[in-house]
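Undergrad: First the structure, which I've put down as structure tokens, then a few questions once you've had a look.
No lab work stands behind these numbers, since they all come straight from the coordinates. Computed from a prediction, not measured in an experiment: that's the story for all the values here. We place every Cβ from the backbone using ideal geometry, glycine too, and count neighbours over all the protein chains shown.
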Amino acid sequence: MSNEASEIIFRPGLEGVPVTHSSICDIDGLKGKLSYRGYSIEELAAHSTFLETAYLLIWGELPTEEQLNDFQAEVQMHRRVSFRVRDMLKCFPATGHPMDALQSSAASLGLFYSRRAIDNPEYVYDAVIRLIAKIPTMVAAFQLIRKGQDPIQPRDDLAYSANFLYMLTEREPDPIAARIFDRCLILHAEHSLNASTFSARVTASTLTDPYAVVASAVGTLAGPLHGGANEDVLAMLEEIAAPDKASLYLEQAIAKKQKIMGFGHREYRVKDPRATILQGLAEELFARFGKDQMYDVAIALEREASSCLASKGIYPNVDFYSGLVYRKLGIPRDLFTPVFAISRVAGWLAHWREQLGANRIFRPSQIYTGKKIRSWRPIEERNIEMGA
Ligand code: ACO
């Protein structure tokens, strides 16, 4: 294709360009509606559990009681990780980012379960179970290891979310806190062709193993324009420090053409429905366990932004209130994005399966802007030309 012809269809960031058919998740960015497999996010967050939602996303339908019990039991059985994975985590620098530790440990699972039999339904089921079961354990293990402690083993009497909070904080969580955390996982589980899911699908399209698929998605999620934004939101709220400073901060940031973290979304022109639910969860949590002062700053920032950013269709996204919820739950700031990964692995795996169902390797084209063909010259000639 000539450059002239391809420029007509070139869309930076692939904005608005469909790259696949998908039946997993639907977003109406003008109405602020999000659904997984036809179920609204509001209904799922109110009534479902993370594991039930993960099952729905990956296998396409809500499970029967027996299917759900089997799925939960399998996940529970596979929560432990090999001592070799724990030893590997111990070798990582304690100062490293937990997303890097997670990306490496997720990839390392491919060494332990390396058959790459992706056309075998049993292998697929086992990989789904292992990834959903072990990622929380690896995130919690790295957290304790970097504090100089030994990781603690999962507790079989605790459900998925409660067990993660227990492995992380070494305390059995309050049931309301555990339920709120589980609802956060539901909200983050899937969001169509975001950068990390696209990355997962590209990797999946090469027919590599699911551990490599998830590891590539984790690496993509880590960036500050994607999952990493929730860490930056808290830093920004702390920098603003007080509700009456929000207006000045906003004015100065906009003048400097700085992005307001936790605001804006390629898909939404209204407030992200997940941000609305997360705000409700934050309020529920604060009512029970005491308020985070930064919540008032967040409210003030959202209010001030409604006069200058909303006209451009820029509203709070999922990352704006999630950090406040996670902090109240006792989750350290640099674990916010790994927690996002614990949840989003469900969506990545759903897309992995869907990609394999109608696979064609991703291989987009480009518009070449480099030099035309020229002749190689000896280094002496180049030295003279450069004055070296
Ligand atoms: N603050 C201020 N202005 C913004 C923001 C923001 N957060 N987001 C977008 N804009 C402005 C841009 O400056 C640009 O304005 P201009 O046309 O006058 O130059 C316009 O809106 C379009 O912005 P883009 O960056 O081109 O929008 P894009 O769709 O490419 O980016 C993104 C979406 C990356 C989410 C962006 O809004 C952003 O960087 N937000 C802050 C980071 C963030 O919160 N990321 C988390 C997203 S949710 C998730 O990934 C889980």
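Undergrad: Taking the C-alpha atoms of the chain, how large are the radius of gyration and the largest Cα-Cα span, Dmax, in Å?
TA: 22.6, 78
Undergrad: Now, a different point. For N69 and R360, what is the calculated FRET efficiency with R₀ set at 25 Å and r taken between the beta-carbons, to the nearest 0.05? Intermediate results must be reported in sequence, preceding the final value.
TA: Working: r = 37 Å, r/R0 = 1.48.
Plugging the Cβ-Cβ distance into 1/(1 + (r/R0)^6) gives 0.10.
Undergrad: Using the count of nearby Cβ atoms within 10 Å as a rough guide to exposure, how do C25, C91 rank from fewest to most? Show your work: numbers first, answer last.
TA: Details: C25 22, C91 8.
Least to most surrounded, the residues fall as C91, C25.
Undergrad: Report the full-extension gain for the segment F286 to L14: residue separation times 0.36 nm, less the Cα-Cα distance, to one decimal in nm. Don't skip to the answer; put the middle values down first.
TA: Details: separation 272, 0.36 × 272 = 97.92 nm, distance 3.97 nm.
Once the chain is fully extended between F286 and L14, it gains 93.9 nm.
Undergrad: Continuing with this model, one more query. Cut-off is 10 Å between beta-carbons; in what order do F112, F83 appear when sorted fewest neighbours first? Don't jump to the answer; show the numbers that get you there.
TA: On the way: F112 13, F83 9.
The order, fewest Cβ neighbours first, is F83, F112.
Undergrad: Among the trypsin sites (Lys or Arg not before Pro) in the range 168-215, which ones are in a DSSP loop with at most 11 other Cβ atoms within 10 Å of the Cβ? Mind listing them? All intermediate terms of the calculation are to be shown ahead of the outcome.
TA: Working: sites: R171, R179, R183, R201; in loops: R171.
Qualifying residues, ordered by number: R171.
Undergrad: State, to one decimal in nm, how far the label point of I373 lies from the label point of V270, with both points 7 Å from Cα in the Cβ direction.
TA: Inter-label distance under the simple model: 5.6 nm.
Undergrad: How would the range 99-244 be classified by its alpha-carbon gyration tensor: rounded, prolate or oblate, with rounded meaning a/c under 1.5 and the a/b versus b/c comparison settling the rest? The partial results should precede the final answer.
TA: Values: a/c = 1.87, a/b = 1.28, b/c = 1.46.
Because a/c hits 1.5 or more and a/b fails to exceed b/c, the range 99-244 counts as oblate.
Undergrad: Can you tell me which of 55-66, 93-104, 344-355 comes out highest on packing, and rank the rest after it, using the mean Cβ neighbours within 10 Å? Don't jump to the answer; show the numbers that get you there.
TA: On the way: 55-66: 16.1, 93-104: 17.7, 344-355: 25.4.
Top to bottom by mean Cβ count within 10 Å: 344-355, 93-104, 55-66.
Undergrad: Of the listed peptides 14-22, 227-235, 290-298, 147-155, what is their order by residue-averaged count of other C-beta atoms within 10 Å, with the highest listed first? Show your work: numbers first, answer last.
TA: Values: 14-22: 10.9, 227-235: 22.2, 290-298: 17.3, 147-155: 13.3.
Ranking, from highest mean packing down: 227-235, 290-298, 147-155, 14-22.
Undergrad: How fast does the range 229-328 diffuse by Stokes-Einstein, in µm²/s, taking the Kirkwood radius from C-alpha pairs at 25 °C and 0.890 mPa s? Numbers along the way, then the final one.
TA: Working: Rh = 13.4 Å.
Answer from the Stokes-Einstein relation: 183 µm²/s.
Undergrad: Then there is this: Find how much the distance from D244 to E385 grows on full extension, using 0.36 nm per residue of separation minus their present alpha carbon separation; answer in nm with one decimal.
TA: Working: separation 141, 0.36 × 141 = 50.76 nm, distance 6.01 nm.
That works out to 44.8 nm of additional length.
Undergrad: Using the Cα gyration tensor of the range 188-236, with a ≥ b ≥ c the square roots of its eigenvalues, what is the shape: rounded (a/c below 1.5), prolate (a/b larger than b/c) or oblate (neither)? It would help to have the intermediate numbers written out before the result.
TA: Working: a/c = 3.12, a/b = 2.37, b/c = 1.32.
The shape class here is prolate.
Undergrad: So between R116 and H21, what do we pick up on full extension, going 0.36 nm a residue minus the alpha carbon distance? Could the numbers behind the result be given before it?
TA: Numbers: separation 95, 0.36 × 95 = 34.20 nm, distance 2.48 nm.
Full extension from R116 to H21 adds 31.7 nm.
Undergrad: Calculate the spin-label point distance for H47 paired with L62, positioning each point 7 Å from the Cα along the beta-carbon direction, and give it in nanometres.
TA: Roughly 0.4 nm, to one decimal.
Undergrad: Please compute the net charge surrounding F336, taking Lys and Arg as +1 and Asp and Glu as -1 over other residues with Cβ under 15 Å from its Cβ. Present the calculation step by step, with values, prior to reporting the outcome.
TA: On the way: positive: R274, R327, K328, R333, R344; negative: D100, E231, D232, E238, D292, D319, D334.
Spelling it out: positives minus negatives among the neighbours equals -2.
Undergrad: Compute the relative contact order of the chain as a whole-number percentage, counting only Cα pairs closer than 8 Å that sit 6 or more residues apart in sequence.
TA: 23
Undergrad: Modelling each spin label as a point 7 Å along the Cα-to-Cβ direction, I'd like the K147/L207 distance in nm, to one decimal.
TA: Output for this residue pair reads 4.6 nm.
Undergrad: I would also like to ask the following. Which whole-number percentage describes the relative contact order of the range 229-328, with Cα contacts under 8 Å and a sequence gap of 6 or more? Kindly include the intermediate steps, with their values, before the conclusion.
TA: On the way: 128 pairs, mean separation 47.0, N = 100.
It rounds to 47 percent for the range 229-328.
Undergrad: Calculate one ³J(HN,Hα) per residue across the range 270-278 by plugging θ = phi - 60° into the Karplus curve 6.51 cos²θ - 1.76 cosθ + 1.60, and present them in order as whole Hz with x for glycine and proline.
TA: 10, 5, 4, x, 5, 5, 5, 5, 5
Undergrad: On to the next question. Shape call for the range 72-167 from the C-alpha gyration tensor, a ≥ b ≥ c root eigenvalues: rounded (a/c under 1.5), prolate (a/b greater than b/c) or oblate?
TA: Working: a/c = 2.41, a/b = 1.30, b/c = 1.85.
Oblate.
Undergrad: Fewest Cβ neighbours within 10 Å first, please rank S82, S108, S114 accordingly. Write down the numbers at each step before the final one.
TA: Details: S82 13, S108 18, S114 10.
Lowest count first: S114, S82, S108.
Undergrad: Out of residues 5 or more away from K33 or on other chains, whose amide H comes under 5 Å of its own, with H placed 1.01 Å from N in the peptide plane?
TA: Amide H neighbours of K33: D28.
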